[in-house]
Ligand code: IPE
Ligand code: IPE
Ligand code: MG
């Protein structure tokens with residue numbers, strides 16, 4: 001595939017790109033390797049995607065790394081993923097610093113192993129003053145869990161007279177989500193040919209453009225992100241209006 005980087009319009013970049021990184025297991029199977037090898041190779045794709053997004057000056061990149069449902073995988077695979085998270089954070093902090101990237105998380109982070117929480121906190125704190133791309137890892141993330149948490153927090157405020165029911169509007173809900181400080185998702189990418197949302201950012205993708213690719217996550221490279229953005233820029237986002245109103 002010829003790289004289309006030169007054809008990307010700098011003035012029409014998506015503010016927030018979210019990626020469902022899928023296909024590590026199938027990639028490994030194709031190579032006759034264990035699933036763990038697929039997850040390991042997936043870290044290169046993460047590095048390339050982060051670098052490509054930073055180079056393009058994208059403001060927010062959110063990567064779905066581990067879902068609430070992924071806890072139901074065999075314990076050995078969950079352990080491998082958690083160890084890989086820790087080793088990747090240690091290894092890739094340099095990539096984040098070199099590219100002026102700050103790290104954040106969304107999800108039930110307190111359900112991760114202590115070691116992973118500690119490493120995450122360390123990298124978050126070391127990169128907090130970086131001014132470029134805001135990279136968010138969705139870890140033990142489930143959109144329904146996020147919405148339940150949001151409803152509980154809001155109800156508690158109402159119960160304690162800190163909030164009146166009439167003050168509950170879209171903005172109020174936004175402020176109680178893990179993504180409180182982020183803009184809505186403009187572009188949602190899913191690799192590996194699956195075309196589903198798998199409990200990812202249900203509220204935040206209300207008007208996102210979806211981009212599905214057959215590429216398995218470990219094979220995803222910078223030019224694939226460029227391709228997705230180029231494709232996104234060809235679309236007309238109408239937000240309920242007519243084409244004539246937009247143009
Ligand atoms: C994505 O790859 C990584 C995680 C969900 C943690 P998969 O592990 O889902 O790979 P497939 O879908 O089985 O190929
Ligand atoms: C979604 O992928 C979760 C992540 C990419 C972390 P899955 O592979 O877990 O999704 P399903 O089960 O195929 O929908
Ligand atoms: Mg999968």
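Every number in this text was worked out from the coordinates using simple rules, so none of it is lab data. Computed from a predicted structure; not experimentally measured. Neighbour counts are summed over all protein chains in view; Cβ atoms, including those assigned to glycine, are modelled from backbone coordinates with ideal geometry.
Details
- Percent of C-alpha pairs per 5 Å bin, the stretch 136-247, short to long: 2, 9, 16, 17, 17, 14, 11, 7, 4, 3, 0
- Mean residue ellipticity (222 nm) of the chain, computed from DSSP H runs ≥ 4 via -39,500 (n - 2.57), nearest 500: -13500 deg cm²/dmol
- Within the listed set 73, 190, 47, the residue fluctuating most in the Gaussian network model of the chain (springs between alpha-carbon atoms under 10 angstrom) is 73.
- The alpha carbons of the stretch 48-152 give a radius of gyration and a Dmax of 14.1, 40 Å, in that order.
- The three principal axes of the Cα atoms in the stretch 153-205 give end-to-end lengths of 48, 18, 15 Å, sorted in falling order.
- If you look at the Cα atoms of the stretch 1-94, you get an Rg and a Dmax of 15.5, 46 Å.
- Dimensions of the stretch 188-247 along the principal axes, based on C-alpha atoms and rounded to the nearest Å, stand at 41, 27, 15, largest first.
- Taken over the Cα atoms of the chain, the convex hull encloses 147 Å³ per residue.
- Among 204-211, 101-108, 125-132, 161-168, the peptide with the highest mean count of other Cβ atoms within 10 Å heads the list, and the full ranking is 101-108, 204-211, 125-132, 161-168.
- All distinct Cα pairs of the stretch 80-141 go into the 1/r average, and the inverse of that average, the Kirkwood radius, is 11.7 Å.
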